[in-house]
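The values are calculated or read from the model by the stated rules, or taken from the named source; none is laboratory data. Quick caveat: nothing in here was measured; it's all calculated off a predicted structure. Here the Cβ is made from the backbone with ideal geometry for all residues, glycine too, and neighbour counts use every protein chain on show.
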Amino acid sequence: MRRALFGLLFAALILIAFTLPCYAAEEIEIGYGEFVDELPNTLVDRLPSGDWGSDPSSDATSLVSWEHVSAEISEILGLGLGASLRILAVLMGLILISAAARSLCASFGGRSAALLELCTAGAVCAAAISLQYEILLGAADYLADLTLLMNAMLPVTVSLYAAGGNVATAGVSAGAFGIFLNLSENILATTVVPFSGICLAFALVGSMSGGLDLRSISGTFKRIYSTALSFIMMLFSAVMAAQTILASASDSISLRATKFVAGSVIPVLGGSVSESVKTLAAGIGALRKSVGICGIALIALLFLPVLVSLLLTRAVNGIAASFANMLGCDREGALLAELSSVYGYICGVLAVCSITFIFTLIMLINTGVAIQ
Amino acid sequence: MTALRLCGVAILAVICASVIRPIASGILPSARVATGIVLAISLLGLAGPAVEYVTALSGAVGFEKYASPILKGCGIAALSHGCATLCRDSGEGGIAEYVELAGRLEILLLCLPLMEEVLSVARELIEG
């Protein structure tokens, strides 16, 4: 009887022990909290409300949710449309007054009428540039914020690569990131605004002088700048992709060899080590995808307002140029068409820069975990 | 005065000039100048409401500083052209040239603040 009781008691204790949660786990520290703290201020205001910044997976989900995306798009479009329509109204009003003044003074003939054309073109120029100056500066501010964001992202991506056993890939990625951040900060951010200024100066001289057509020089200058930029980005992307793939393959080979040796040499537990490493690899892979998507969503969130603003202003200048040409104000029409073209090039520069950063994050998402 | 009345005054002046010419051709230039001044003042009265309307509208929208030089330039061009024509009709071509030159310089001065604003923005963009 006593033995039976002891046996029952022992069995009960064993069963209770099985119900206790007991596992071995290691928290992967990738510096996500520091990354969230270093986000640019313009981006912090646009983040989803609630508990954002604690878990990459839920953060990525909330950033790409339909509610947040639709709310952001409607806010950006609403603000952008209002400002653009105001600029369009002012430009069209001035063009109407210019056209009326020109047709009145055309009857006088001679040089007074020509000087009045200069006056009207100058008035439209001054209005267009002073109203759109902030939008041009916004492009430079965007590049500065993008560089800040990617500077904050760099330690996280390196940690994610290293945690997955991609040590060589981490080194390659850090190097490539650093080069591109330097490029973005020192070349792109400092040349976009002067490039706009030079194109604008060409357009102004061309419209003010009347007989002098600098559109061909301006077009050549724009083509050289955009070709040089595209070439640099293409070269950077190709080299980075090749280096990442090679480093990833090298990491994979070395860690698989290590896993094989561990499985063969370690008695009894060698197989378990191999299996637990697979579980860890899956976790790190999911973490990489979440952080990568989070990073891409943040870049899109930063880029969208600037892109919408530039595209709307480009459309406004195009419409005003067509209106001016229709009313016979050729100088004003040429200037506004040139302004529209400059905005198109600026959009291209910013898009190339953003896409290159997005490409580096896609490399992070798609690079296999080496410890699988 | 409406355009109809102005045309009537102008035709009347022409008829009077053709009648006076064989009798007292010496007073023709003075009569011509006087008629021109009367017509110019009447034109100012005709254009006044339109200019006031455009000025008020541009002020309400906020582009008064851009519309104002255009309107002033228009007025200066019209005034200098009218005055130069009067001088030529009176046989003073040299004076007419100076009047037109003064008008053109005045319009150029009106453009200077606009050019300054444009060039300062362009300089800020280039300097970064």
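Listed by first and then second residue, the pairs with beta-carbon distance under 9 Å, at least 6 apart or on different chains, first residue in segment B:16-35 and surrounded by 13 or more Cβ atoms within 10 Å (Cβ to Cβ), second of a type in the set (Lys, Arg), are B:17/B:32; B:28/B:21.
Would it be correct to say that residue B:86 is away from chain A (no Cβ under 11 Å) and of a type in the set (A, V, I, L, M, F, W, C)? In short, yes. Within segment A:63-107, the residues that satisfy the criterion of being among the polar types (S, T, N, Q), assigned to a helix (DSSP H, G or I) and surrounded by fewer than 18 Cβ atoms within 10 Å (Cβ to Cβ) are A:70, A:74, A:103. In the condition set (1) at pLDDT 85 or above; (2) in contact with a Cys (Cβ under 9 Å, 6 or more places away or on another chain); (3) of a type in the set (D, E, K, R), residue A:145 is compliant with all but (2). Figure legend. Inter-residue proximity from segment A:115-139: first residues closer than 25 Å to residue A:304 by Cβ, second residues hydroxyl-bearing (Ser, Thr, Tyr) and at pLDDT below 85, beta-carbon distance below 8 Å, spacing 6+ or different chains. Indicated pairs: A:136/A:196; A:139/A:196. With respect to the conditions (1) closer than 17 Å to residue B:111 by Cα; (2) acidic (Asp, Glu); (3) more than 11 Å from every other protein chain (Cβ to nearest Cβ), residue A:72 lacks only one, and its number is (1). Given the residues A:106, A:99, which is the only one that is free of Cβ contacts under 8 Å to residues at least 60 places away in the same chain and within 14 Å of chain B (Cβ to nearest Cβ)? Answer to the check: A:106. Quick check on segment B:80-87. Is at least one of its residues free of Cβ contacts under 8 Å to residues at least 12 places away in the same chain, surrounded by 14 or more Cβ atoms within 10 Å (Cβ to Cβ) and either outside any helix (DSSP H, G or I) or of a type in the set (A, V, I, L, M) (or both)? Scanning segment B:80-87, I find no residue that is free of Cβ contacts under 8 Å to residues at least 12 places away in the same chain, surrounded by 14 or more Cβ atoms within 10 Å (Cβ to Cβ) and either outside any helix (DSSP H, G or I) or of a type in the set (A, V, I, L, M) (or both), so the answer is no. Of the residues contained in segment B:61-73, one or more are found to be at pLDDT 85 or above, out of contact with any Ser or Thr (no Cβ under 8 Å at 6 or more places or on another chain), more than 7 Å from chain A (Cβ to nearest Cβ) and in a helix (DSSP H, G or I). Candidates are the residues of segment A:114-130 that are surrounded by fewer than 23 Cβ atoms within 10 Å (Cβ to Cβ) and within 7 Å of chain B (Cβ to nearest Cβ); the one that is nearest to residue A:314 (Cα to Cα) is A:129. Residue A:133 meets each of the listed conditions (1) surrounded by fewer than 18 Cβ atoms within 10 Å (Cβ to Cβ); (2) at pLDDT 85 or above; (3) within 12 Å of another protein chain (Cβ to nearest Cβ) apart from (2).
Part of a helix (DSSP H, G or I) and in contact (Cβ under 8 Å) with a residue 60 or more places away in the chain: does that describe residue A:148? Spelling it out, residue A:148 is indeed part of a helix (DSSP H, G or I) and in contact (Cβ under 8 Å) with a residue 60 or more places away in the chain. Evaluated against (1) closer than 24 Å to residue A:315 by Cβ; (2) free of Cβ contacts under 8 Å to residues at least 24 places away in the same chain; (3) more than 14 Å from every other protein chain (Cβ to nearest Cβ), residue A:142 falls short on exactly one condition, (2).
Within segment B:89-114, being within 20 Å of residue A:123 (Cβ to Cβ), crowded, with 17+ Cβ neighbours inside 10 Å and either in contact (Cβ under 8 Å) with a residue 60 or more places away in the chain or at the interface with chain A (Cβ under 8 Å from one of its Cβ atoms) (or both) holds for B:103, B:104, B:107, B:110, B:111, B:114. Scanning segment A:191-211 turns up at least one residue that is outside any helix (DSSP H, G or I) and either touching a Lys or Arg at 6+ places or on another chain (Cβ under 6 Å) or surrounded by fewer than 20 Cβ atoms within 10 Å (Cβ to Cβ) (or both).
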